[in-house]
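Everything on this sheet refers to the single structure shown next.
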Amino acid sequence: MNFNPHLPLVYHPNYSFTFDPKHRFVMSKFARLYEQCKQLGLIQNNLYRPSTGTPKRLEHIHCENYIWDLWHNRLSEKSMRRIGLPWSEQLMARTFTAPLGTLKAAQLALQHGIACHLAGGTHHAHYDFGSGFCMVNDLAFTATELVMSKQVHNVLIFDLDVHQGDGTAAMLTHNPYVFTCSIHCEKNFPFRKHPSDLDIGLDNYLEDQAYLNTVKEVLTGLIDDLNPSLVLYDAGVDIWQHDTLGKLNISWQGLQQRDALVLSTCQARGIPVATVIGGGYDKDHHRLAQRHSIVIEQAAKL
């Protein structure tokens with residue numbers, strides 16, 4: 001298999017740390033994904049590391065009280081239960097570094113046409129609370145940062161995680177330069193959804209061809225309408241038929257075809273695209289890393 005050795009990849013070693021291996025959220029998946037990419041020959045002199053983050057960088061997009069209370073472990077038990085992860089200093093380090101990784105991937109995509117972040121997609125984080133394993137919103141942060149600094153005119157956030165991107169939608173509701181699109185399983189978390197600019201709610205157990213047809217039709221239509229300066233692509237792999245939190249019936253080959261479709265469509269139209277890995281849940285942690293590597297493999301083929 002021929003891969004482009006110059007595809008920009010973004011990763012920080014603090015993304016994974018010692019964590020309960022039985023927890024539903026697989027914290028090791030980031031380091032495992034890095035190792036998977038190394039084994040595939042995808043990492044040579046193309047790896048970029050974001051700077052270590054603190055709440056200061058996110059004050060213009062999140063509530064200051066919320067992110068500093070999170071950083072200092074001052075949130076209530078109820079608030080932490082809604083997030084679903086146990087607080088630790090290591091968790092805070094990765095939480096506030098990852099948005100800078102997505103921003104770096106986006107900036108690299110603007111230079112090179114395509115770039116991949118080996119993390120990101122924390123789309124359930126809202127302005128002043130976290131939810132669903134998401135504490136700060138890297139997609140909203142990156143899009144806002146790029147627009148505010150005039151690095152782009154407009155951004156399309158194309159979210160194909162199986163769960164609706166409620167936090168991203170809520171945080172960007174009043175931003176006319178960022179268009180949020182979520183194609184997700186309708187009868188799945190979050191059960192109270194915040195409307196994106198475009199939501200496509202899919203039926204349970206939808207299969208490959210109908211899914212791929214929807215993705216193609218929606219993406220090509222949005223590119224025609226918006227002509228975005230950049231696409232931020234959330235390549236969640238929890239659409240896979242055996243994902244423990246999925247409810248769709250998309251095959252492994254369907255995952256590959258989806259990512260190839262999204263990336264090649266953007267490339268054919270000259271639209272830079274930055275990818276984040278989004279959600280994926282599996283008791284087989286190595287298999288999960290392989291699933292997350294699909295989007296990077298497809299990008300490297302291009």
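Has segment 264-283 got at least one residue that is surrounded by fewer than 24 Cβ atoms within 10 Å (Cβ to Cβ), more than 20 Å from C116 (Cα to Cα) and among the polar types (S, T, N, Q)?
no
Would you tally the residues in segment 281-302 being among the β-branched types (V, I, T) and touching an Asp or Glu at 6+ places or on another chain (Cβ under 6 Å)?
2
Output the residues belonging to segment 87-144 that are among the charged types (D, E, K, R), in a helix (DSSP H, G or I) and touching a residue at least 60 places away in the same chain (Cβ under 8 Å).
Answer for segment 87-144, where residues must be among the charged types (D, E, K, R), in a helix (DSSP H, G or I) and touching a residue at least 60 places away in the same chain (Cβ under 8 Å): R94, K104, D138.
Quick one: which residue in I200, I183, I250 is modelled with pLDDT of 95 or more, closer than 25 Å to L110 by Cβ and not hydroxyl-bearing (S, T, Y)? Working first, answer last.
Working: I200 fails: closer than 25 Å to L110 by Cβ; I250 fails: closer than 25 Å to L110 by Cβ.
One residue alone meets the criteria, I183.
Here's the yes/no breakdown for (1) under 20 Å from T18 (Cα atoms); (2) of a type in the set (G, A, S); (3) touching a Phe, Trp or Tyr at 6+ places or on another chain (Cβ under 7 Å):
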{"residue": "T52", "(1), (2), (3)": "yes, no, no"}
{"residue": "L58", "(1), (2), (3)": "no, no, yes"}
{"residue": "I61", "(1), (2), (3)": "no, no, yes"}
{"residue": "N65", "(1), (2), (3)": "no, no, no"}
{"residue": "N73", "(1), (2), (3)": "yes, no, yes"}
{"residue": "M80", "(1), (2), (3)": "yes, no, yes"}
{"residue": "L85", "(1), (2), (3)": "yes, no, yes"}
{"residue": "L91", "(1), (2), (3)": "yes, no, no"}
{"residue": "P99", "(1), (2), (3)": "no, no, yes"}
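Take the residues in segment 153-180 that are in contact with a Phe, Trp or Tyr (Cβ under 8 Å, 6 or more places away or on another chain) and surrounded by fewer than 24 Cβ atoms within 10 Å (Cβ to Cβ), then tell me which one is farthest from Y211 (Cα to Cα).
H153
Residues in segment 23-71 that are in a helix (DSSP H, G or I), out of contact with any helix residue (DSSP H, G or I) (no Cβ under 8 Å at 6 or more places or on another chain) and without any contact (Cβ under 8 Å) to a residue 60 or more places away in the chain: how many?
Result for segment 23-71: 4.
How many residues does segment 11-56 contain that are buried (at least 19 other Cβ atoms within 10 Å of the Cβ) and among the charged types (D, E, K, R)?
So the answer is 2.
What are the pairs, 6+ residues apart or on separate chains, where a residue within segment 228-244 that is closer than 15 Å to D208 by Cα has its Cβ under 7 Å from a residue that is outside any loop (DSSP other than H, G, I, E, B) and not aliphatic (A, V, I, L, M)?
Pairs found: V237/R291; V237/H292; W240/W252; W240/R291.
The values are calculated or read from the model by the stated rules, or taken from the named source; none is laboratory data. This is a predicted model, so every value here is computed, not measured. Note that we place each Cβ from the backbone using ideal geometry, even for glycine, and neighbour counts take in every protein chain shown.
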